[in-house]
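Trainee: Here it is: the structure, laid out below.
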Amino acid sequence: MANVLVPLADGFEEIEAMAIIDVLSRAGNKVVVAGLFDNEVEGANTGLKILVHDLLKDVDPEDFDLMVLPGGLPGAEHLAKSELVQEYIKRMNEKGKLVGAICAAPWALKEAGVLEGKKHTNYPGFEEKTGKKGYVPDQKVVIDGNVVTSRGPGTAICFALELVKILNGEAMYKQLKEGLLADYC
């Protein structure tokens, strides 16, 4: 079992956040969802409001094996521009811990300097924010060392499953992939 931190800011992509939280939890991981600004966080597309138990400022990144950022706008922009998020990404990266982001959220990884020299992917067009160097446009999920990135809502389950494979092993990955009917991953 791994400890996973999922920061949420208003304007998060609902499909991505829920897929990450759900799939990683199904694998037996402890997933902590922390609001960047508030304990009530609103999604980008539906007006769905999520109540979270923790604020990001109140959790210690040292307690986590993975920090994973869902995309969506303006949620990903909030994450990319947050000094606290940048600090947490840098601290986790320096320790060789996993950092992941999907859709527009790899922008936050770029701002923290962790995409330097790394292959990555993101929502098409966001390579202007993440950097064209190392950008891989044709893969659902890109893994380069401790950095894991993915393209968008349609790749969210595949992204979460790859994180499960890294954290929980091949057997759990295969079990969840089969149970979720995610043979397209």
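The values are calculated or read from the model by the stated rules, or taken from the named source; none is laboratory data. The structure presented is a predicted model; accordingly, all values stated were derived computationally and were not measured. Cβ coordinates were reconstructed from backbone atoms using ideal geometry, including for glycine residues, and neighbour counts include every protein chain displayed. Ligands, DNA and RNA are stripped out before the accessible areas are found, and what is left, the full protein with its side chains, is counted by its heavy atoms. Shrake-Rupley method; radii C 1.70, N 1.55, O 1.52, S 1.80 Å.
Trainee: Quick one: Kirkwood hydrodynamic radius for segment 113-185, alpha-carbon pairs, angstrom, one decimal?
Mentor: Kirkwood hydrodynamic radius for segment 113-185: 12.9 Å.
Trainee: Placing unit charges on C-beta atoms (Lys and Arg positive, Asp and Glu negative, everything else neutral), compute the dipole magnitude of segment 61-177 about its Cα centre in debye, rounded to 20.
Mentor: Dipole magnitude for segment 61-177 comes out near 320 debye.
Trainee: Ok, one more. Ordered by packing density, taken as the mean number of other Cβ atoms within 10 Å over each peptide's residues, highest first, how do 40-51, 17-28 rank?
Mentor: Top of the packing list down: 17-28, 40-51.
Trainee: Could you check how much of the accessible area of the chain is carbon and sulfur, as a whole percent, using a 1.4 Å probe?
Mentor: Summing carbon and sulfur atoms, their accessible area is 49 percent of the total for the chain.
Trainee: Give me the net charge for the shell around Phe126: Cβ to Cβ below 10 angstrom, other residues only, Lys and Arg +1, Asp and Glu -1.
Mentor: Value of the local net charge: +1.
Trainee: Solvent-accessible area per residue for the chain at a 1.4 Å probe radius, Å²? The partial results should precede the final answer.
Mentor: Details: 8340 Å² over 185 residues.
On a per-residue basis, the chain sits at 45 Å².
Trainee: Another question about this same structure. Got a sec? Which residues in segment 9-34 would a label at Glu40 touch, if it sits 7 Å along Cα→Cβ and we count backbone N under 15 Å?
Mentor: 10-11
Trainee: Tell me, what is the FRET efficiency for Asp54 and Glu128 to the nearest 0.05, using R0 = 22 angstrom and their Cβ-Cβ distance as r?
Mentor: Between Asp54 and Glu128 the formula returns 0.10.
Trainee: Here's another thing I want to ask about it. So for segment 125-185, taking the charge dipole from beta-carbon charges (+1 Lys/Arg, -1 Asp/Glu), which of Leu180, Phe159, Gly131 sits furthest toward the positive end?
Mentor: Of Leu180, Phe159, Gly131, it is Gly131.
Trainee: Here is a follow-up. Could you run the Karplus curve 6.51 cos²θ - 1.76 cosθ + 1.60 with θ = phi - 60° over segment 68-76 and give me ³J(HN,Hα) per residue in whole Hz, x for Gly and Pro?
Mentor: With the stated coefficients, segment 68-76 comes to 10, 10, x, x, x, 10, x, x, 5 Hz.
Trainee: So, one more: Taking percent of Cα pairs over 26 Å apart straight from the coordinates, which label in (i) 32; (ii) 43; (iii) 20 is the correct one?
Mentor: Read-out taken from this structure: (iii).
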